[in-house]
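What follows is a short report on a single structure.
The values are calculated or read from the model by the stated rules, or taken from the named source; none is laboratory data. As the structure is a prediction and not an experimental result, all values here were calculated from the model. Note: ideal-geometry Cβ built from the backbone for every residue, glycine included; neighbour counts use all protein chains shown.
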Amino acid sequence: MAVWARIKNMNFKELFSVSKVFMKNPRYIFPTYNATIQTIKICDEFYAEEHHNNGKENAFRHALWNYLICKKCYTISGSAEVVRNWGDHITGLHEKLSPNQKLAKAMDLHNNRIGQQIFTGEENSTQEIISLLQQKMQQAIKITEEKMPESIQNELVYIED
(Lines give C-alpha, C1' and ligand atoms only; values in the text may rest on other atoms or scores of the structure.)
Protein backbone atom coordinates (compact mmCIF):
# COMPACT_ATOMS: atom_id res chain seq x y z
CA MET A 1 0.00 0.00 0.00
CA ALA A 2 1.35 3.44 -0.95
CA VAL A 3 0.64 4.96 2.48
CA TRP A 4 2.73 2.41 4.36
CA ALA A 5 5.49 2.58 1.76
CA ARG A 6 5.68 6.35 2.26
CA ILE A 7 5.79 5.97 6.05
CA LYS A 8 8.54 3.35 5.84
CA ASN A 9 10.64 5.70 3.68
CA MET A 10 10.45 8.61 6.14
CA ASN A 11 13.57 9.62 7.99
CA PHE A 12 13.57 10.19 11.75
CA LYS A 13 12.89 13.94 11.48
CA GLU A 14 9.91 13.37 9.20
CA LEU A 15 8.49 10.62 11.42
CA PHE A 16 8.93 12.84 14.45
CA SER A 17 7.10 15.73 12.75
CA VAL A 18 4.15 13.54 11.79
CA SER A 19 4.05 11.82 15.19
CA LYS A 20 4.03 15.17 16.98
CA VAL A 21 1.04 16.35 14.97
CA PHE A 22 -0.92 13.18 15.63
CA MET A 23 -0.03 13.15 19.34
CA LYS A 24 -1.76 16.52 19.65
CA ASN A 25 -4.84 15.17 17.84
CA PRO A 26 -4.89 11.38 18.36
CA ARG A 27 -8.63 11.10 17.65
CA TYR A 28 -7.98 12.16 14.06
CA ILE A 29 -5.41 9.44 13.27
CA PHE A 30 -7.85 6.78 12.07
CA PRO A 31 -10.30 9.07 10.27
CA THR A 32 -7.39 10.71 8.42
CA TYR A 33 -5.90 7.35 7.53
CA ASN A 34 -9.30 6.04 6.38
CA ALA A 35 -9.85 9.15 4.25
CA THR A 36 -6.44 8.61 2.65
CA ILE A 37 -7.13 4.96 1.85
CA GLN A 38 -10.61 5.75 0.50
CA THR A 39 -9.21 8.53 -1.69
CA ILE A 40 -6.55 6.27 -3.19
CA LYS A 41 -9.12 3.53 -3.91
CA ILE A 42 -11.51 5.96 -5.60
CA CYS A 43 -8.75 7.57 -7.66
CA ASP A 44 -7.28 4.21 -8.67
CA GLU A 45 -10.75 3.10 -9.78
CA PHE A 46 -11.49 6.23 -11.81
CA TYR A 47 -8.05 7.29 -13.02
CA ALA A 48 -5.62 4.35 -12.60
CA GLU A 49 -2.09 5.76 -12.43
CA GLU A 50 -3.02 9.14 -13.93
CA HIS A 51 -3.78 10.64 -10.53
CA HIS A 52 -0.09 10.31 -9.59
CA ASN A 53 0.91 12.79 -12.30
CA ASN A 54 0.38 16.56 -12.15
CA GLY A 55 -2.75 16.72 -14.27
CA LYS A 56 -6.42 17.24 -13.59
CA GLU A 57 -6.68 13.79 -12.00
CA ASN A 58 -4.14 14.82 -9.37
CA ALA A 59 -6.14 17.99 -8.70
CA PHE A 60 -9.22 15.81 -8.19
CA ARG A 61 -7.31 13.53 -5.80
CA HIS A 62 -6.05 16.35 -3.59
CA ALA A 63 -9.45 18.02 -3.34
CA LEU A 64 -11.21 14.71 -2.63
CA TRP A 65 -8.60 13.73 -0.04
CA ASN A 66 -9.10 16.96 1.87
CA TYR A 67 -12.86 16.78 1.64
CA LEU A 68 -12.84 13.22 3.00
CA ILE A 69 -10.45 14.09 5.82
CA CYS A 70 -12.83 16.87 6.85
CA LYS A 71 -15.89 14.64 6.53
CA LYS A 72 -14.44 11.77 8.54
CA CYS A 73 -12.96 13.99 11.27
CA TYR A 74 -16.19 16.00 11.51
CA THR A 75 -17.92 13.10 13.24
CA ILE A 76 -15.42 13.59 16.08
CA SER A 77 -15.13 17.36 16.18
CA GLY A 78 -18.53 18.58 15.03
CA SER A 79 -16.92 21.80 13.77
CA ALA A 80 -16.38 22.38 10.06
CA GLU A 81 -13.81 25.10 10.81
CA VAL A 82 -11.80 22.83 13.13
CA VAL A 83 -11.65 19.98 10.62
CA ARG A 84 -10.81 22.31 7.74
CA ASN A 85 -7.88 23.61 9.81
CA TRP A 86 -6.86 20.04 10.64
CA GLY A 87 -7.01 19.05 6.96
CA ASP A 88 -4.96 22.09 6.01
CA HIS A 89 -2.40 21.33 8.69
CA ILE A 90 -1.95 17.62 7.99
CA THR A 91 -1.96 17.86 4.20
CA GLY A 92 0.28 20.93 4.38
CA LEU A 93 2.73 18.84 6.40
CA HIS A 94 2.49 16.14 3.74
CA GLU A 95 3.48 18.70 1.09
CA LYS A 96 6.30 20.03 3.24
CA LEU A 97 7.74 16.50 3.57
CA SER A 98 7.15 15.45 -0.05
CA PRO A 99 9.86 15.70 -2.71
CA ASN A 100 7.70 17.75 -5.12
CA GLN A 101 8.97 20.76 -7.04
CA LYS A 102 7.72 24.20 -5.92
CA LEU A 103 5.09 24.51 -8.65
CA ALA A 104 3.69 21.03 -7.91
CA LYS A 105 3.54 21.85 -4.18
CA ALA A 106 1.72 25.11 -4.91
CA MET A 107 -0.76 23.21 -7.10
CA ASP A 108 -1.34 20.55 -4.44
CA LEU A 109 -1.80 23.08 -1.62
CA HIS A 110 -4.28 25.04 -3.76
CA ASN A 111 -6.30 21.91 -4.60
CA ASN A 112 -6.20 20.81 -0.96
CA ARG A 113 -7.90 24.06 -0.02
CA ILE A 114 -10.59 23.51 -2.66
CA GLY A 115 -11.54 20.25 -0.93
CA GLN A 116 -11.54 21.97 2.45
CA GLN A 117 -13.72 24.81 1.13
CA ILE A 118 -16.25 22.38 -0.31
CA PHE A 119 -16.72 20.75 3.08
CA THR A 120 -19.47 22.57 4.98
CA GLY A 121 -20.43 20.01 7.59
CA GLU A 122 -23.65 19.20 5.76
CA GLU A 123 -24.27 15.60 4.85
CA ASN A 124 -23.32 15.00 1.23
CA SER A 125 -22.71 11.57 -0.18
CA THR A 126 -19.24 10.75 -1.41
CA GLN A 127 -20.76 10.20 -4.86
CA GLU A 128 -22.16 13.75 -4.88
CA ILE A 129 -18.73 15.14 -4.05
CA ILE A 130 -17.07 12.96 -6.68
CA SER A 131 -19.52 14.33 -9.27
CA LEU A 132 -18.93 17.91 -8.13
CA LEU A 133 -15.15 17.49 -8.33
CA GLN A 134 -15.40 15.83 -11.74
CA GLN A 135 -17.34 18.88 -12.93
CA LYS A 136 -14.64 21.11 -11.47
CA MET A 137 -12.05 19.05 -13.35
CA GLN A 138 -13.69 20.11 -16.60
CA GLN A 139 -13.03 23.78 -15.75
CA ALA A 140 -9.63 23.21 -14.12
CA ILE A 141 -7.04 25.81 -15.02
CA LYS A 142 -3.52 25.04 -16.15
CA ILE A 143 -0.93 27.02 -14.19
CA THR A 144 2.70 27.84 -14.87
CA GLU A 145 3.56 29.96 -11.82
CA GLU A 146 3.48 29.27 -8.08
CA LYS A 147 1.49 32.40 -7.27
CA MET A 148 -2.18 31.74 -7.92
CA PRO A 149 -4.21 34.59 -9.36
CA GLU A 150 -7.12 35.54 -7.12
CA SER A 151 -9.52 34.86 -9.99
CA ILE A 152 -8.89 31.11 -9.73
CA GLN A 153 -9.14 30.67 -5.97
CA ASN A 154 -12.27 28.47 -6.31
CA GLU A 155 -11.05 26.42 -9.27
CA LEU A 156 -8.97 23.27 -9.43
CA VAL A 157 -5.54 23.79 -10.99
CA TYR A 158 -3.08 21.50 -12.75
CA ILE A 159 0.31 21.79 -14.43
CA GLU A 160 0.44 18.92 -16.96
CA ASP A 161 -1.94 17.79 -19.69
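Things to note:
- Sole exception among (1) surrounded by 16 or more Cβ atoms within 10 Å (Cβ to Cβ); (2) more than 17 Å from the chain's Cα centre (by Cα); (3) at pLDDT 95 or above for Ile129, by number: (2)
- Qualifying helices (runs of 4 or more DSSP H) (wholly inside region 44-152; at least 2 residues being over 25 Å from Phe22 (Cβ atoms) and either of a type outside the set (A, V, I, L, M) or touching a residue at least 12 places away in the same chain (Cβ under 8 Å) (or both)): 56-77, 102-118, 126-138
- Scanning region 123-136 for residues that are more than 14 Å from Leu68 (Cβ to Cβ) and in contact with a helix residue (DSSP H, G or I) (Cβ under 9 Å, 6 or more places away or on another chain) yields Gln134, Lys136.
- Residue that is surrounded by the most Cβ atoms within 10 Å (Cβ to Cβ) [pool: residues in region 52-94 that are of a type in the set (Asp, Glu) and within 23 Å of Gln134 (Cα to Cα)]: Glu57
- Yes/no for Ser151 being hydroxyl-bearing (Ser, Thr, Tyr) and either in contact with a helix residue (DSSP H, G or I) (Cβ under 6 Å, 6 or more places away or on another chain) or at pLDDT 95 or above (or both): no
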